[in-house]
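Before any comments, here is the structure.
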Amino acid sequence: MLGRYKNEPEQNNTVYQEMSKEKTFKNSDTNYEKTVIGEHISIEGKLRADEDLIIQGTLKGTIELEKHHITIGAKSKVEADIRAESMTISGTMNGNVSVYGKVAITKEADFTGQIKAKRVAIEDGAYINASIEMQREDAEKPGHGRIEPIDAIVIGGEPETIASTKSSSAGK
């Protein structure tokens, strides 16, 4: 009777391996894989990935996918600070979003937080309570340093005291 259960974990492991293979697939638009965090999975902490991510479950923490797309699924609950290339929000999300490209918020979304992105698309019917900062098209990608202009250049002769003409902008 005990021997009957001996191979069961191995058989179950094979089933789980096959199921996990179904959750990761190639994106036809890119050479990157996508990973799905299932509906019954809850994660807390810092998540970094070098591939696209689809969240259907619950996640609390920080997410960094600076060169990839993240999708917050319709049944998901996410409380996180997120940095990504682009993003689609369909579920419940509370947090700060910093995206280089586009944030798409679908009609199923319930979003509260801050958004920094070049483009934002909000579908009619979406619930959103957010502050949105639109970045200029010529802005650098997140994580890349920008070269700041200098105040003055003195060419030849002795340096003189020059009043700075650099203006300060609010929020910087």
(request) Evaluate the following for E85: is it surrounded by 13 or more Cβ atoms within 10 Å (Cβ to Cβ) and either outside any strand (DSSP E or B) or modelled with pLDDT under 90 (or both)? (result) no
(request) Six or more apart or on different chains, Cβ under 6 Å: which pairs go from a residue in the stretch 88-112 that's of a type in the set (A, V, I, L, M) to one that's assigned to a loop (DSSP other than H, G, I, E, B)? Could you list them? (result) I89/A109; I105/A126; A109/S90; A109/A126
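The values are calculated or read from the model by the stated rules, or taken from the named source; none is laboratory data. Please read these numbers as outputs of a predicted model, since none were measured by experiment. Ideal geometry is used to build each Cβ from the backbone, glycine not excepted, and the neighbour counts take in all protein chains shown.
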